[in-house]
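Every number in this text was worked out from the coordinates using simple rules, so none of it is lab data. No experiment lies behind these values; they were computed from the predicted model shown. In this analysis, Cβ positions are derived from the backbone assuming ideal geometry, glycine residues included, and neighbour counts consider all displayed protein chains.
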Amino acid sequence: MQIKQAVAERFIMLCKKADIKPNELATKSGVTPSTVYSMLDPARENVYITTVKKLCDGLGISISDFFDTKEFRELEQEIE
């Protein structure tokens, strides 16, 4: 799994757990809905750490908690 996919899947899971939609996450985080949806779009390759931090703030979790999962610990090397 690539980092972009892991980030998107983590936010999808956290939204389900909090029972909120991406639009609501955007509002709580102070970012536009298009920012959230573009981050969740598999065709988009870049995710900005500042956006991840804002979304974590909106969810009420720390960025270290966000990345403290098996999926992130087991990411494959992306350098080819």
**OP:** Using a Förster distance of 22 angstrom, determine the FRET efficiency expected from the C-beta separation of Lys70 and Ala18, and round it to 0.05.
**Re:** 0.65
Original post:
Around Ser29, with a cut-off of 15 angstrom between Cβ atoms, what is the net charge of the other residues, counting Lys and Arg +1 and Asp and Glu -1?
Top reply: +3
**OP:** Count the net charge of all other residues whose Cβ sits under 13 Å from the Cβ of Tyr48, scoring Lys and Arg as +1 and Asp and Glu as -1.
**Re:** +3
**OP:** Before rounding to the nearest 500, sum -39500 (n - 2.57) across all DSSP H runs of length at least 4 in the chain and divide by the residue total; then give [θ] at 222 nm in deg cm²/dmol.
**Re:** -18000 deg cm²/dmol
Original post:
Between Ile79 and Gln5, what is the label-to-label distance in nm when each label sits 7 Å out along the Cα-to-Cβ direction?
Top reply: 2.2 nm
Subject >> Mean shadow area of region 3-73 over all directions, Cα convex hull, nm² >> reply: 4.1 nm²
Original post:
Looking only at Thr35, Thr27, Thr50, which one moves most when the chain is put into a Gaussian network model with springs between Cα atoms under 10 Å?
Top reply: Thr50
**OP:** Extending each Cα 7 Å along its Cβ direction at Ile61 and Thr27, get the distance between those two points in nm, one decimal.
**Re:** 2.2 nm
